[in-house]
Every structure is written in C-alpha cells, then in structure tokens.
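This report concerns only the one structure given below.
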Amino acid sequence: MTARATTPEPAVEDGAGQYVQSLVDHWDELIDWEQRKAGEGGFFDSLLSRAGARRVLDAAAGTGFHSVTLAEAGYDVTATDGSQAMIDRAASNARSRGVRLPTIRSDWNDLHDTVDGRFDAVLCLGSSFPHLFDPAERAAVLREFHDALEPGGVLVLDHRNFDAIRAHRYRSSGNYYYCGDGVQVSVAHVDSERCRFRYEFAGRVTHHLEVYPVLADELADLLREAGFDSVERFGDFHAEYDPYAADFIIQVARKA
C-alpha cells in the first residue's frame, strides 16, 4: 500500500503561501475544466456582457480557468495571483490553449503598483477573499478592488457558503465547482474565526487550506462600506437558491 503524503503546513495567514507546489500540481484535477465549464453554463460571460465589460482583471487567477475561458470568449483579460506557482501554471495553461493572457504575480494590496489602468470588471473567485484574516486588510483590499474599477464597473467575488458551513449544514455537490474525480473535499474544522478544509487527491496526497469563514451578509456590508453602491447575490449561479444547499455564494458589487 502506498503511504499517503501530507504536506508541511504553511502559516495560515499567508494565503498565497498555502498553495504549495504539490497542491498547485493537483489543482486542475480538482477543478476539471470541462466539467466546470459545463456546470457554470456561461454564467460569468453573461454577467460581464450584461455589465458591458470588456477589460477584465482576474485578481485571483489560480491556474487560469476563468482567465482563459473569458479570453477565449473575447474579453481583454489580465490575470494576477499572489502565488507564483499558480500564476506560472495559469500562463502555461493559456499557452497550451493558444490564448494570449498577460500574467502578473501580484498581491491584492499591490494592484495599484503592478497593474496598469482601470478595468470594467474585477474578478476575485475561487473563494480566495476569505484567505484574509485581518478585518482591516479585508476592508483595504475591497477598497483596492473598488479603485481598480472604472465608474460603473463591477466586482465579482465568490466565497464558499460559510453560512451553511458554520451551521454544520454544508455538503459539496461536486456539480459546479470542484468537479474532478478522485478528489474529496471536506470541512475538517470550523468556528466563527477559522475554517479548515481537507483535500484528498485519490489517496495519494492530502492538503489543508485554512480561511476566515465570512458570512454572506457580512461581506455584503463590507462591499458597501468600501464604496460599492449595489450588491447582487447568487447561489451556484442562480438568483434564487436554497441558502443552505448552495456550494458557493457569488456577490456582484457595482461601482457608482
């Protein structure tokens, strides 16, 4: 029997640092690009088209799924991520699909120094925002996203359904987000300040990611405090949803 490998634990406050190379190497297995694309059903393309967006900043690009698919749909996309390993993989995935995709390693609080101009839309997907544990840093990053937008631009930010997780009523369906076969995602621990996820890849390797379990209303309030004038909410790409059945919550905030 092959022993299961467990990776060393990085500091949880270092969000990008939690994405060690061995986890990045397996990340596309977790997503399964084709099943993920089918599960989304063109949601983000429709959302951005409705907002009149053309220039898009993917501020949490990961391995590039949304950056690449939106570039393929004709958007002018710039991909950034705080993890060098992730942004390198995004660039490689774009090249393999014949897509031109500018990629930049950038922390969110450095966007004004590393990314030129303003955008019609900023994406922060993959439940990346909850990697921020400091309330002041959460507020500052949302202001940074607000400043990166043109007037009338939209921020599209998603997070796991922590309302359901904190109520111990959550289960991942595998229909929309983490669609890969042979991958199990579970909640190892949750309280009001920390949520620890366990990722098991076909019995070969185990990883953990730890995040702040932000509630949906809490984040909507933060978005308004950052200067956004309206916030829409979706559960698993639907405006009407069971608040304890959705895997992910998507919040769409518009800049006046």
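The values are calculated or read from the model by the stated rules, or taken from the named source; none is laboratory data. Just so it is clear, the model here is predicted, and its values are computed rather than measured. Cβ coordinates were reconstructed from backbone atoms using ideal geometry, including for glycine residues, and neighbour counts include every protein chain displayed.
Numerical summary
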read-out	value
Single residue of segment 207-229 satisfying the filter (over 17 Å from residue 124 (Cβ atoms) and either assigned to a strand (DSSP E or B) or at pLDDT below 95 (or both)) that is farthest from the chain's Cα centre (by Cα)	229
Among (1) acidic (Asp, Glu); (2) at pLDDT 60 or above; (3) at negative phi, the one test that residue 32 misses	(3)
Looking only at segment 35-64, and only at residues there that are aliphatic (A, V, I, L, M) and closer than 23 Å to residue 246 by Cβ, the one that is modelled with the lowest pLDDT	38
Enumeration of residues in segment 59-71 that are polar (S, T, N, Q) and either surrounded by fewer than 24 Cβ atoms within 10 Å (Cβ to Cβ) or over 18 Å from residue 154 (Cα atoms) (or both)	63, 69
Filtered residues of segment 45-58 (kept if surrounded by fewer than 16 Cβ atoms within 10 Å (Cβ to Cβ) and out of contact with any strand residue (DSSP E or B) (no Cβ under 6 Å at 6 or more places or on another chain))	46, 49, 50, 52
Of the criteria (1) touching a strand residue (DSSP E or B) at 6+ places or on another chain (Cβ under 6 Å); (2) modelled with pLDDT under 95, which one residue 173 fails	(1)
Criterion violated by residue 215 - all others in (1) under 14 Å from residue 165 (Cβ atoms); (2) surrounded by 18 or more Cβ atoms within 10 Å (Cβ to Cβ); (3) of a type in the set (A, V, I, L, M) satisfied	(2)
Single match in 77, 68 (criterion: within 23 Å of residue 151 (Cβ to Cβ) and in contact with a strand residue (DSSP E or B) (Cβ under 9 Å, 6 or more places away or on another chain))	77
Pairs where the first residue, in segment 109-133, is over 24 Å from residue 215 (Cβ atoms) and the second is in a helix (DSSP H, G or I), C-beta under 7 Å, 6+ apart	111/144; 112/144; 112/147; 121/48
Qualifying residue in segment 90-101 (condition: in a helix (DSSP H, G or I) and farther than 22 Å from residue 45 by Cα)	yes
Any hit, segment 144-162, residues being touching a helix residue (DSSP H, G or I) at 6+ places or on another chain (Cβ under 6 Å) and either without any contact (Cβ under 8 Å) to a residue 60 or more places away in the chain or surrounded by fewer than 14 Cβ atoms within 10 Å (Cβ to Cβ) (or both)	yes
Residue selected from segment 72-87 under the condition more than 17 Å from the chain's Cα centre (by Cα) and touching a residue at least 12 places away in the same chain (Cβ under 8 Å), by the criterion surrounded by the fewest Cβ atoms within 10 Å (Cβ to Cβ)	73
